Amino acid sequence: MINYVVHSRALTGHESFEETREALLREFVDAKEALATRAAEIAELKRRRGLIDESRVRDLTEKLRSVESKIISTNSELSLQNARRQTLKERREEQEKQLREAERAAQASGALVIKRDVAADILGLAKSVLETLEGDYVKRVSERMSAIFMGIVGSDPAFEASVFTGVSIDENYDIVINTHGGRHLDADFELNGASQRALTLSFIWALMEVSGVMVPRIIDTPLGMVSGGVKARMVSAITRPPTGNETPDFQVVLLLTRSEIRDVEELLDERAGVVTTLSCSHHYPEDLVNNWGVNHPVSRACTCTHRQSCRVCARRYDERHGITFRDVGGTA
């Protein structure tokens with residue numbers, strides 16, 4: 001095949017005929033060789049094609065179509081399964097949320113049940129304690145108070161001339177003073193000062209004894225408005241040592257004035273374990289004999305007993321009470 005384009009270009013280039021001929025021959029040879037190469041390749045391809053099993057190709061093609069169909073079907077099923085899985089996942093999350101809420105509610109309900117049970121137990125215990133206090137303990141306090149009071153005032157219920165036949169605590173927790181004929185006395189208006197002191201002391205003493213608490217008992221001026229036999233019996237009652245297991249051990253601290261001490265010195269000699277005298281500087285010069293040399297009220301303690309005095313505690317009426325002066329204590 002003559003390349004007219006090249007030939008035309010050669011002619012336009014003013015090349016010689018020989019040069020053009022040689023160029024065309026080279027092109028011809030090259031084209032012929034290329035054609036032979038292509039023919040060999042076509043022959044090889046035909047040979048290879050002849051080796052292909054057409055039935056096998058058709059079978060593979062059918063199988064490929066079947067596999068492609070299955071892939072499409074599987075992809076569709078996978079999409080459905082993914083959608084179903086997402087739905088189930090959301091449902092599970094919702095159920096887990098409901099479970100957590102139910103557990104919290106159950107815990108709250110359980111806590112409320114426990115609190116209710118504890119409250120019921122405490123209420124039952126409180127009622128039981130209250131019943132015991134209202135019943136047995138009130139009765140015991142009432143009986144012990146009556147025994148102490150009757151002993152202090154020296155009244156015998158069997159004696160018709162006695163003022164008191166006993167005291168008790170009623171259902172309203174009021175103290176009732178009983179007398180002959182079924183009458184009751186008003187503690188505020190029908191008892192003298194000494195009897196009121198005796199009643200108050202009897203109630204407090206009975207309450208402490210029945211409670212069984214071992215504590216010091218400190219009483220400030222308990223014998224005011226009390227004299228004679230009532231005073232002695234009162235001091236005896238509140239300082240009597242405990243007997244057996246009936247009453248708890250205790251310590252009594254009495255703060256007494258000189259007038260309260262008068263007439264019970266022997267009882268104090270017998271019962272007192274430690275005696276200390278307290279004096280205050282503001283009692284000078286009316287009561288205290290010695291000036292302590294201070295310009296403001298000061299309290300001081302000395303080792304004097306109820307039968308002694310010193311430069312600190314000496315009073316102007318000590319001789320009338322049979323108090324002995326001892327020259328100790330230094331300069332007041």
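Couple of notes before you dig in:
- Matching residues, region 143-162, being out of contact with any strand residue (DSSP E or B) (no Cβ under 8 Å at 6 or more places or on another chain) and under 19 Å from residue 225 (Cβ atoms): 148, 151, 152, 153, 154, 155
- Across region 277-332, the qualifying residues are those that are free of Cβ contacts under 8 Å to residues at least 40 places away in the same chain, part of a strand (DSSP E or B) and not hydrophobic (A, V, I, L, M, F, W, C), and the one among them that is nearest to residue 253 (Cα to Cα) is 277.
- Candidates 116, 140: the one that is surrounded by 10 or more Cβ atoms within 10 Å (Cβ to Cβ), modelled with pLDDT of 85 or more and either over 16 Å from residue 230 (Cβ atoms) or in the same structural domain as residue 236 (by TED's automatic domain parsing) (or both) is 140.
- Taken together, the residues in region 143-165 that are at pLDDT 85 or above, surrounded by fewer than 18 Cβ atoms within 10 Å (Cβ to Cβ) and under 16 Å from residue 194 (Cα atoms) amount to 1.
- Residue in region 252-262 that is free of Cβ contacts under 8 Å to residues at least 12 places away in the same chain, of a type outside the set (Lys, Arg) and closer than 25 Å to residue 324 by Cβ present: yes
The values are calculated or read from the model by the stated rules, or taken from the named source; none is laboratory data. What you see is a predicted model, and the numbers here were worked out from it, not measured in a lab. Quick reminder, even Gly has a Cβ in these numbers, built from the backbone with ideal geometry, and neighbours come from all protein chains shown.
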